[in-house]
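Engineer: This is the structure, below, for whatever I ask next.
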Amino acid sequence: MEKIVLAKVGDKELTKDDMIAIMRNLPQQDAQNFSSFEGRKVLLDEMVAGELFYKRAVEKSFDQEDKFLEIMEETKRAMLQRYAVQKSLDAITIEPSEVEAYYEAHKNNFAEGPKAKAKHILMTDEADIMEVKNEIDSGMDFEEAAKKYSTCPSKERGGDLGTFERGRMVPEFEEAAFTQKIGLVGDPVKTQFGYHLLLVEERTEASVKAFEEVENQVRQELIGRKQTEIYRSEIEALKEIYPVEINEDGLK
């Protein structure tokens with residue numbers, strides 16, 4: 001691909017690939033700040049500024065100053081610590097059979113409670129919501145009624161609450177959602193928020209997620225467990241080589 005030069009500082013070219021590499025290494029929120037044209041202009045200014053200071057540092061031999069060498073040694077030490085830990089953890093492998101065996105032994109971890117899919121209309125007055133129910137019973141579309149009368153933000157979606165698991169809603173609402181006949185608008189339900197008309201569209205029984213759904217999640221959990229085990233094991237082994245003395249009184 002053609003190299004796109006965004007700026008030159010002396011003989012140093014700052015390219016679009018350089019900018020992309022910087023953005024990839026930023027936290028997501030920070031990277032979003034540079035996603036617009038204006039944001040990229042700001043980032044380019046910072047890249048230019050960085051190169052200017054780098055050139056002055058080289059010209060003034062800042063890299064030979066004692067303070068810089070001290071900082072470099074501290075940085076090197078911290079990087080070597082992280083690198084040594086990473087080398088110990090890189091050897092971790094997880095066999096497919098381990099993933100499946102863990103899933104089978106911990107199925108309860110992947111259980112899901114009963115679920116319901118429902119729409120609702122929320123109003124503050126019982127008489128008003130009864131009038132709306134009569135309109136629906138007379139043929140008015142539930143979604144249309146929700147958009148027209150409901151005080152809940154879900155009115156913009158025709159009252160759609162999506163699918164929710166048992167235990168997520170207030171008790172009175174939940175009782176209706178899990179007992180009311182599917183496809184029929186029930187009597188108003190009073191909760192702390194007001195009066196609701198519910199239209200339950202689906203219900204599913206409690207179940208366990210299939211292995212294929214959670215395979216990657218299980219693998220990551222096993223990797224985390226092995227990393228912890230290896231890390232602690234390595235520390236204990238290293239203590240046998242390099243004696244450690246702890247002064248807990250110094251922490252007081």
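The values are calculated or read from the model by the stated rules, or taken from the named source; none is laboratory data. No experiment lies behind these values; they were computed from the predicted model shown. Ideal geometry is used to build each Cβ from the backbone, glycine not excepted, and the neighbour counts take in all protein chains shown. Protein only, heavy atoms only, side chains kept; ligands, DNA and RNA dropped before computing areas. Shrake-Rupley method; radii C 1.70, N 1.55, O 1.52, S 1.80 Å.
Engineer: Could you compute the net charge surrounding Ala210? Neighbours are other residues with a C-beta less than 13 Å from the C-beta of Ala210; K and R count +1, D and E count -1.
Structural biologist: Computed value for this residue: -4.
Engineer: Please calculate how many Å² of accessible area the chain carries per residue, with a 1.4 Å probe and no DNA, RNA or ligand atoms counted.
Structural biologist: 72
Engineer: Where the only charges are on Cβ atoms (+1 Lys, Arg; -1 Asp, Glu), what is the dipole of region 103-207 about its Cα centre, to the nearest 20 debye?
Structural biologist: 300
Engineer: Between Ala84, Ala101, His120, whose Cα lies farthest towards the positive end of the dipole of region 82-145 when Lys and Arg beta carbons carry +1 and Asp and Glu beta carbons carry -1, centred on the Cα centre?
Structural biologist: Value: Ala84.
Engineer: Give, in nm to one decimal, the length gained when the segment between Glu46 and Asn108 is fully stretched (0.36 nm per residue of separation minus the Cα-Cα distance).
Structural biologist: Net length gain for the segment: 17.2 nm.
Engineer: Per residue of the chain, what 222 nm ellipticity follows from adding -39500 (n - 2.57) for every DSSP H run with n ≥ 4, rounded to the nearest 500?
Structural biologist: About -17000 deg cm²/dmol.
Engineer: Going by alpha carbons, how many degrees (0 to 90, nearest 10) lie between the helix axis of 211-241 and the longest principal axis of the chain?
Structural biologist: For helix 211-241, the angle is close to 30 degrees.
Engineer: In whole percent, and with a 1.4 Å probe on the protein chains, what portion of the accessible area of region 86-217 is carbon and sulfur?
Structural biologist: Percent of accessible area from carbon and sulfur atoms in region 86-217: 46.
Engineer: So, counting K/R as plus one and D/E as minus one, what does the shell of residues with Cβ under 11 Å around Ala118 add up to?
Structural biologist: Taking every other residue near Ala118 into account, the sum is 0.
Engineer: Please work out which option in [x] 119; [y] 131; [z] 322 gives volume of the Cα convex hull per residue in Å³ calculated from these coordinates, and answer with its label.
Structural biologist: The value computed from this structure is option [z].
Engineer: If you don't mind, another one. Please identify, among Gly158, Gly167, Gly139, the residue showing maximal mean-square fluctuation in a Gaussian network model of the chain using a 10 angstrom Cα cutoff.
Structural biologist: Ranking Gly158, Gly167, Gly139 by mean-square fluctuation puts Gly139 first.
Engineer: Please give the contour-minus-distance gain from Leu184 to Gln64: 0.36 nm per residue of separation, less the Cα-Cα distance, rounded to one decimal in nm.
Structural biologist: 35.2 nm
Engineer: Let me spell out the model: positive unit charges on the Cβ of Lys and Arg, negative unit charges on the Cβ of Asp and Glu, origin at the Cα centre of the chain. What dipole size does that give, in debye rounded to 20?
Structural biologist: 480
Engineer: Going by alpha carbons, how many degrees (0 to 90, nearest 10) lie between the helix axis of 126-137 and the longest principal axis of the chain?
Structural biologist: The angle comes out at about 80 degrees.
Engineer: Ok, one more. In terms of the Cα gyration tensor, with a ≥ b ≥ c the square roots of its eigenvalues, is region 26-102 rounded because a/c is under 1.5, prolate because a/b exceeds b/c, or oblate?
Structural biologist: oblate
Engineer: List the extent of the Cα atoms of region 87-168 along each of their three principal axes, largest first, rounded to whole Å.
Structural biologist: Its Cα atoms span 67, 27, 21 Å along the three principal axes.
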